[in-house]
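Taken together, the values in this text are just the output of simple stated rules run on the coordinates, not laboratory data. Bear in mind that the values here come from a model prediction, so they are computed numbers and not experimental data. Neighbour counts are summed over all protein chains in view; Cβ atoms, including those assigned to glycine, are modelled from backbone coordinates with ideal geometry.
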Amino acid sequence: MNEEQLAAIRQQSRQAMEELLAAADTAPGDIVVVGCSSSEILGEHIGHGSSFETAQAVLEGLLPPLKEKGLYLAAQCCEHLNRSLILERAAVTQWEQLVNVVPQPKAGGSFATAAWQAFREPCAVCQVSAAAGLDIGDTLIGMHLRRVAVPVRLSLSAIGQAHLTAARTRPPYVGGARAIYAADRHSQQGEGGAQA
């Protein structure tokens, strides 16, 4: 990719994250999971055209909005590392299980490798419970989202040539018809106030 194309990927990534964070109800210290196929961004089949420079451009777009809100990025590895996640050690709680691996472009993916190199004190865990997430290239991040995941419709449907999906989460409603629920600032923005 040339610099103009990388700049476009950077800008699209930042825009997608900014739109997601505007819709998500996050708090400082929360984790946002991102799965990213640099192959799909380039129009290749997932896992067959990995590009470290493309992954770096995505990361450079994603990190500033996350840092502004005091959030942590969990970069999902590919299936070869069982979709483990790379994150800053400061984000790890007693509930996350550390795993011993250093991602590489062909074993973990370019995006996870770029995150490992960019983070101050990177580590790998086998799962997280993220407040929101972006899936760039159909990498299947759902296993790392809190219950209940709610789709977020972004103005972008792709980054490069990779399909883009976003989700926020909310606490489950419990108690049935007689229960009273705290206000959900998103209930009028897509769920129609329905109790799910």
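Observations
- Max mean-square fluctuation residue, GNM over the chain, Cα-Cα springs under 10 Å, options Arg83, Arg120, Arg146: Arg120
- Rg over Rh for the range 3-169 works out to 0.92, using Cα positions for both radii and the Kirkwood form for Rh.
- Computed [θ] at 222 nm, helices only, for the chain once each DSSP H run of length n ≥ 4 contributes -39500 (n - 2.57): -8000 deg cm²/dmol
- Footprinting exposure proxy ranking of Thr113, Thr169, Thr93, fewest other C-beta atoms within 10 angstrom first, gives Thr93, Thr169, Thr113.
- Charge dipole (Cα centre; +1 on Lys/Arg Cβ, -1 on Asp/Glu Cβ; no other charges) of the range 78-139 amounts to roughly 160 debye.
- Cβ-based charge dipole, the chain, positive-most Cα from Gly160, Leu62, Val150: Val150
- Placing unit charges on the Cβ atoms only, positive for Lys and Arg and negative for Asp and Glu, gives the chain a dipole magnitude near 620 debye about its Cα centre.
- Exposure proxy order (Cβ contacts within 10 Å, fewest to most) of Arg89, Arg10: Arg89, Arg10
- Ranked Tyr72, Tyr173, criterion: other C-beta atoms within 10 Å, fewest first: Tyr173, Tyr72
- Using alpha-carbon coordinates, inclination of helix 52-68 to the longest axis of the chain, degrees: 40 degrees
- When the Cα positions of Cys123, Thr26, Leu71 are compared along the charge dipole of the chain, Thr26 comes out farthest toward the positive end, with charges on each C-beta of Lys, Arg, Asp and Glu.
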